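Reading through the C-alpha cells given below for one structure.
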Amino acid sequence: MLFLAVAFGIINTLLMANFERTREFGLMKALGTRPRRIVGLVLTESALLALVGITAGAVVGLLFVGYWSREGFNLGLLMGGAQGFSLGGVTFDPVLWPRIGATDLLKTAVPVAVLTLLAGLYPAVKASRIEAVDALRSE
C-alpha cells in the first residue's frame, strides 16, 4: 500500500509539472523535437526526483536510527511506565534498539527507484503526445 501511495504521489507531481509546462512541450514539438526525446526528458526528471528523494530519505532515516540506536526508544513511556510486556509467555524489554544496514537501504531504495521510473512513464507519454498547436494556444 505504501508503494502504491508513493506511485500516485509521483504521478501527481510529474503531471502537475507537465501541466505547468504545456507551452514548453508544445514549443519543443513545434521545433521538431521527437516524442521519444520528450519521454526521455520527463523520465530523466523522474530519475532525478528518485535520486534526490532516496538520498534525502536515507540521510534523515540514518540520523533518526543513529540517535535511537544510542538512546533507545522506550515504549514503556507509552505504556504508562511499564517495565516490560509479555506475549505468549515471553517477556519483552520495552526499549527498542533500532539498527539499519546497507542491505536494508537497498531493499527500499531499489524498489522506490524502479517505481519512480515506472510511475514517470504515464506523464512522460502524455507529455510526448501533446499537439504543438493546442499546447501553444493554451494559457
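Readers should treat all values here as calculations from the given coordinates under stated rules, not as data from a laboratory. Remember, predicted model here, so these are calculated numbers, not experimental data. All Cβ positions, even for glycine, are placed from backbone atoms using ideal geometry, and neighbour counts span all protein chains on display.
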Hz values of 3J(HN,Hα) by residue in the range 125-130 - Karplus curve (6.51, -1.76, 1.60), Gly and Pro given as x: 5, 4, 5, 6, 8, 5
Using amide H atoms built in the peptide plane, which far-off residues or other-chain residues are under 5 Å from ILE100 H to H? none
Only four residue types carry charge here, +1 at the Cβ of Lys and Arg and -1 at the Cβ of Asp and Glu. Report the dipole size of the range 2-59 about the Cα centre in Debye, rounded to the nearest 20. 320
Rounded to the nearest 20 debye, dipole of the range 1-111 from Cβ charges on Lys, Arg, Asp, Glu: 640
Just one of (1) 16.8; (2) 16.3; (3) 18.3 is Kirkwood radius over Cα pairs in Å as worked out from the coordinates here. Which one is it? (3)
Top positive-direction residue, dipole computed over the chain with Cβ charges, set LEU51, GLY88, GLY61: LEU51
Amide hydrogen neighbours beyond the local backbone of VAL95, cut-off 5 Å, H modeled: LEU75
Just name one of GLY101, VAL114, ALA5: the one whose Cα is farthest towards the positive end of the charge dipole of the chain (beta-carbon charges, Lys/Arg +1, Asp/Glu -1). VAL114
To the nearest 500 deg cm²/dmol, what mean residue ellipticity at 222 nm is calculated for the chain from DSSP H runs of n ≥ 4 alone, each contributing -39,500 (n - 2.57), summed and divided by the residues? -24000 deg cm²/dmol
Phi to ³J(HN,Hα) by Karplus 6.51 cos²θ - 1.76 cosθ + 1.60 over the range 26-35, Hz, x for Gly, Pro: x, 5, 4, 5, 5, 7, x, 5, 6, x
Applied in sequence order to the range 93-101, the curve 6.51 cos²θ - 1.76 cosθ + 1.60 (Karplus, θ = phi - 60°) yields integer Hz couplings, x standing for Gly and Pro, of 6, x, 9, 8, 10, x, 8, 9, x
